[in-house]
1. Where residues in segment 72-94 are in contact with a helix residue (DSSP H, G or I) (Cβ under 6 Å, 6 or more places away or on another chain), among the hydrophobic types (A, V, I, L, M, F, W, C) and without any contact (Cβ under 8 Å) to a residue 60 or more places away in the chain, which of them is surrounded by the fewest Cβ atoms within 10 Å (Cβ to Cβ)?
2. Taking only segment 95-125 into account, find how many residues are small (Gly, Ala, Ser), closer than 30 Å to residue 146 by Cα and surrounded by fewer than 22 Cβ atoms within 10 Å (Cβ to Cβ).
3. Inside segment 364-388, can you point out the residues that are small (Gly, Ala, Ser) and under 23 Å from the mean Cα position of the chain (by Cα)?
4. Determine whether residue 147 is open to solvent by 10 Å² or more (accessible area, probe 1.4 Å) and of a type in the set (Ser, Thr, Tyr).
5. List, please: which pairs have Cβ atoms under 7 Å, are six or more places apart or on different chains, and start with a residue in segment 418-446 that is more than 17 Å from residue 77 (Cα to Cα) and end with one that is open to solvent by 10 Å² or more (accessible area, probe 1.4 Å) and charged (D, E, K, R)?
6. Going by the structure shown, is residue 256 open to solvent by less than 40 Å² (accessible area, probe 1.4 Å), touching a Lys or Arg at 6+ places or on another chain (Cβ under 9 Å) and at pLDDT 90 or above?
7. Among the listed residues 134, 76, 80, 140, which satisfies the condition of being within 15 Å of the chain's Cα centre (by Cα) and within 30 Å of residue 346 (Cα to Cα)?
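The values are calculated or read from the model by the stated rules, or taken from the named source; none is laboratory data. Fair warning: this is a prediction, and the values are worked out from it, not measured in the lab. Counting neighbours? That spans all protein chains shown, and the Cβs are built from the backbone with ideal geometry, glycine included. Keep in mind that these areas ignore ligands, DNA and RNA; they rest on the heavy atoms of the full protein, side chains included. Shrake-Rupley method; radii C 1.70, N 1.55, O 1.52, S 1.80 Å.
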Amino acid sequence: MSQKTLAEGSRAGAEAIDKAEVSAAPAKRWWILAVVAVAQLMVVLDATIVNIALPSAQTDLGFSDGSRQWIVTAYALAFASLLLLGGRIADLFGRKPAFLVGVVGFAGASALGGAANGFTMLVIARALQGAFGALLAPAALSLLNTTFTDARERARAFSVYGAIAGAGGAVGLLLGGVLTDAFDWRWTLYVNVAIAVVAFAGGWLLLSNHRDAAGAKLDVPGTVLVAAGLFALVYGFSNADTHDWGSPLTWGFLIAGGLLLAAFAWWQTRTAHPLLPLRILLDRNRAASYLAVLISGAGMFGVFLFLTYYLQLNLGFSPTKTGVAFLPMVGALMVTAQAGSTLLLPRIGPKAVIPLGFAIAAAGMAWLTGIGLGAHYASAVLPQLIVIGVGLGLVMPTAMQLATGGVAAEDAGVASATVNAMQQVGGSIGTALLNTLASTAAANYLSGKDATSKLVQAQATIESYTTAFWWSAGLFAAGALIAFLLYRRGVPQQDAGAAPVVHM
C-alpha cells in the first residue's frame, strides 16, 4: 500500500472520528451544564443556607453573639481573597482537576463543619469551604465559557447558570430551614457531601483535561497583592457590622485594601505573566458587566437578609416557611433569566436589557418599603418579591454572559473568577452598608421614645428594614444609570477569532 493511500486512509478515519464527536457533542454539552449547575448550586447555597441554622448552631456550640459573624465572614474572606488565584490555577493546570479538587475539598470541609465540636473548628471548616469554593466556582464558570461557543446555546447555558447564581441564595434559605427544622443544623453542611458526589461523578465522566494557559507561569507577586487586597477589603466591610465606620479596623483595612489593589493593577501592567490580564477589563461591555454583577450582589442582600428577619421576627414565620416565601421570587427570576439571555439580549442588546432589569428591581424594592407590623405576606411581600425577581432575572444572567464572553480560552478561568469576586465583594459591601444604615435608622427612631415598649421596639425594627430596602432600591437605580451609560449600543457580536475551542 502506498504512502498516499495510507495518508488518505488516516485522513478519512480522522474525519469520521471528528464527525462522530461533533454529533455527540451537543448532548454532552448539556450534561456538562447540568454538572456545572449542580456544583455552582452547592457554592451559592452556602452563602445563605448556614445563616438560617446559625441560631441553632450558636445554642449547640455555645459561642457569643459577637463571635457569630465569623461563621459567615470566614467563608467570605477565604472565598473572595483566593478567587483570582483559583481561576488562574484552572487556566494553568486544567479545569477538570481544578473542578474535581474543588468539589472534593468543599465536601470535605463541609463534613468537617458538620462534625464541629466547637466554635474554632466550625470557623476553620468555613474558611476551608471558602478556599475550595474559590477553586471550584471559576473552574465551573470557565467550563461553560469554553464548552458553549455557539451564541444561541451559550445564551441558554448562561441563563441557567445566572438563574442559579441569583436564586441560589433564596433556595439556600429554604433548604436551610427545612433541614434545621426536620433534622439538625449540622445537616445544612452535611448536605453538601451528597451534592458533591453527584458533581464529582459527572465531572469525572464528562470532562477532559485541557490547559489553555499551560505555557504561562503563575504571577506570585500579583497573587499575593490581590489576595491581600481583597482580604483587607472584605475584612474592612465585615468589621463595619461589629464596629462603627470610624474604627481603625474598618477604615484602616478599607484603605489598605484599596492601596493593595491599586498596586496589583500597576503590577499587572509590568509583569510578563499577569494574573489578571488588563485586556480582560478594557472591553467596555465586560467592564460594565462586572459593575452590574457587583451592584446586584450588594443590593440583593436587602432582600435576603432583612426580609428574612421581618418574616421570622415580625410575621412569625418558621425557617421552612421563610424559605418557601422566597420561592415566587426564584420562579420569576428563572423565567426572566431565560427571556433576557435568549430572547431580549440578541434582539435589543445589553444597553436596554440590563438597565431595564435594574429599574424593575429598584421599583420592587421601593414597593417593599410598605411593610408594617400588621401587614400580610400576600399583599405586602409576595407581589414585590415577584417584581424584584423579574428585574434581577434580566440583570444577572445577561451580565455574567457578557462578562465572560469573547475572552481567549487561556483567560477564561480568571475572567470567570473576576465575576465571582465582583459578586462576593458586592455582597460584603451590601451587608456592611445596609446593616449600618439599618442600625442607625432604628437608633434614630428610638431616640426620645420609650425604648422599653415592645410596640416601639417592633416599630424600630420596621424602620430599620424599610431603610435598608430604600437604600437597596437606590443601589439598583444607580445600577440602571451606570449600565445605561457604560454599555455600548447595539447587539453584541460574538468574536469568532476570540471564541475558544470546545474542550470536553
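1. First, the residues of segment 72-94 that are in contact with a helix residue (DSSP H, G or I) (Cβ under 6 Å, 6 or more places away or on another chain): 73-91.
Narrowing the set further to residues that are among the hydrophobic types (A, V, I, L, M, F, W, C) leaves 74, 76-80, 82-85, 89-90.
Of the ones still in play, those that are also without any contact (Cβ under 8 Å) to a residue 60 or more places away in the chain are 74, 78.
Values: 74: 20, 78: 23.
Here the residue is 74.
2. First, pick out the residues of segment 95-125 that are small (Gly, Ala, Ser): 98, 102, 105, 107-111, 113-116, 118, 125.
When the remaining residues are screened for being closer than 30 Å to residue 146 by Cα, the result is 98, 102, 105, 107-110.
In the following step, the residues that additionally are surrounded by fewer than 22 Cβ atoms within 10 Å (Cβ to Cβ) were identified as 105, 108.
Qualifying residue count, segment 95-125: 2.
3. Going residue by residue through segment 364-388, those that are small (Gly, Ala, Ser) are 364, 366, 370, 372, 374-375, 378-380.
Passing the criteria: only 364.
4. Details: open to solvent by 10 Å² or more (accessible area, probe 1.4 Å): no; of a type in the set (Ser, Thr, Tyr): yes.
Taking the combined requirement at face value, the residue does not satisfy it.
5. The qualifying pairs are 435/241; 441/463; 442/463; 445/463.
6. Spelling it out, it is not the case that residue 256 is open to solvent by less than 40 Å² (accessible area, probe 1.4 Å), touching a Lys or Arg at 6+ places or on another chain (Cβ under 9 Å) and at pLDDT 90 or above.
7. Numbers: 134 fails: within 30 Å of residue 346 (Cα to Cα); 76 fails: within 30 Å of residue 346 (Cα to Cα); 80 fails: within 30 Å of residue 346 (Cα to Cα).
Sole residue among the options that is within 15 Å of the chain's Cα centre (by Cα) and within 30 Å of residue 346 (Cα to Cα): 140.
The rows are residues; the columns are (1) open to solvent by 10 Å² or more (accessible area, probe 1.4 Å); (2) in a helix (DSSP H, G or I); (3) farther than 18 Å from residue 463 by Cα.
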{"site": "287", "(1), (2), (3)": "yes, yes, yes"}
{"site": "297", "(1), (2), (3)": "no, yes, yes"}
{"site": "304", "(1), (2), (3)": "yes, yes, no"}
{"site": "343", "(1), (2), (3)": "yes, yes, yes"}
{"site": "360", "(1), (2), (3)": "yes, yes, yes"}
{"site": "364", "(1), (2), (3)": "no, yes, no"}
{"site": "372", "(1), (2), (3)": "yes, no, no"}
{"site": "379", "(1), (2), (3)": "yes, yes, yes"}
{"site": "397", "(1), (2), (3)": "no, yes, yes"}
